[in-house]
1. Filter region 141-164 for residues that are touching a residue at least 12 places away in the same chain (Cβ under 8 Å) and acidic (Asp, Glu) and give the result.
2. Can you list the strands (runs of 3 or more DSSP E) found entirely within region 165-284 that contain at least 2 residues being touching a residue at least 12 places away in the same chain (Cβ under 8 Å), β-branched (Val, Ile, Thr) and touching an Asp or Glu at 6+ places or on another chain (Cβ under 8 Å)?
3. Within the set of pairs 6+ apart or on separate chains, which have a first residue in region 36-63 that is closer than 17 Å to Val74 by Cα, a second that is in a helix (DSSP H, G or I) and among the aromatic types (Phe, Trp, Tyr), and C-beta atoms under 6 Å apart?
4. Can you confirm whether region 215-230 contains a residue that is farther than 22 Å from Ser6 by Cα and within 19 Å of the chain's Cα centre (by Cα)?
5. Out of the residues in region 151-203 that are of a type in the set (Phe, Trp, Tyr) and open to solvent by less than 10 Å² (accessible area, probe 1.4 Å), which is nearest to Leu276 (Cα to Cα)?
6. Looking at Glu228, Glu204, Glu196 in this structure, which one is closer than 21 Å to Ser112 by Cα, modelled with pLDDT of 95 or more and in contact with a Lys or Arg (Cβ under 8 Å, 6 or more places away or on another chain)?
7. So which residues in region 51-70 are in a loop (DSSP other than H, G, I, E, B), at negative phi and over 23 Å from the mean Cα position of the chain (by Cα), if there are any at all?
Amino acid sequence: MSTRPSIVVTGATGQQGGATARHLLAQGWPIRIFVRDPNKAAAVALVAAGAEIAVGDFSDPDSLENAFYGAHGVYSVQTWRGPGGAEAEKTFGLNVAEAAARAGIAHLVYSSVGGADRAPQLAHFASKWEIEQRIHGLGIPATVLRPTSFMDNFRWQADGIRAGKLVQGTKPTTRLQMIAVDDVGALAALAFSAPEEWIGRTIEIAGDELTMVQAAAVFAERLGRPVEYSPTNEERPGGGEEAHKMQRWFDEDGYRADIPALRAIYPPLKDLRTYLAQAEWLES
């Protein structure tokens, strides 16, 4: 039986929450996953690996507070890619922060986004910035991680990449910072393990910085055949006006993670080449 205090992980059936849950379990942390559907395959797998389960909904503050009761820490992540968009994401993130404050949580790790404080024109950046401000206003001991673009999102266009075309809306000369979702989970677990170093910290996180022309070359190396970059927004999966605005922001401003400093903190941080060497989805 672990003597460590427990951590509640929200979003555990998704990418970031799932990665965080797996890293915490691997390090021997007792965790409780907060889920809407306990029968979802990802939830079942985490319970089999040793997680407890709390059923609830981000829109139900009582269910959040009940899940947090008696826990030491909370990992908070929400998405704008669902019903209600960024406005719902903001409500959910505020509900988590306020429930954490009421429950007396000793360490909240919140997953925001790189540049949250610098892109008010992007609804899903502004929503996260408001959540960050509320966390600080409540006085919760907290760490804010600001991930950059996810390497894992390239899987949305796996078929096209395998066919020889990488599509993104940025200019060929724009350098885009990116991070593997697994490393987000690893850094969240690191924050919980060293609260004296991480509480009070807001840090942008990335493992690589490449133009999409360079990224296409890395994909070509991995596949053993040519891959070209096509900077065409209209063809980009997951498009829409918000995504197009984000691409323009990448060209004009963009992420600002200090990758060498982050790698000094966490040496296993993956670059795109290392990530793709383990990416089974690229072979399907």
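1. The one that is touching a residue at least 12 places away in the same chain (Cβ under 8 Å) and acidic (Asp, Glu): Asp152.
2. Hits in region 165-284: 202-205.
3. Every condition considered, the pairs that remain are Phe58/Phe92.
4. no
5. Here the residue is Phe192.
6. Exactly one residue qualifies, and that residue is Glu204.
7. Of everything in region 51-70, just one residue is in a loop (DSSP other than H, G, I, E, B), at negative phi and over 23 Å from the mean Cα position of the chain (by Cα), namely Tyr69.
Listed here are the residues, each with its yes/no results for (1) touching a helix residue (DSSP H, G or I) at 6+ places or on another chain (Cβ under 6 Å); (2) of a type outside the set (A, V, I, L, M); (3) open to solvent by 50 Å² or more (accessible area, probe 1.4 Å).
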| site | (1), (2), (3) |
| --- | --- |
| Val8 | yes, no, no |
| Ala12 | yes, no, no |
| Ala26 | no, no, yes |
| Ile53 | yes, no, yes |
| Asp62 | no, yes, yes |
| Ser76 | yes, yes, no |
| Arg81 | no, yes, yes |
| Leu108 | yes, no, no |
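The values are calculated or read from the model by the stated rules, or taken from the named source; none is laboratory data. In this text, all values refer to a predicted model and were calculated from it rather than measured experimentally. Note: ideal-geometry Cβ built from the backbone for every residue, glycine included; neighbour counts use all protein chains shown. Each accessible area value is taken on the protein alone, full model and side chains, heavy atoms only, with ligands, DNA and RNA left out. Shrake-Rupley method; radii C 1.70, N 1.55, O 1.52, S 1.80 Å.
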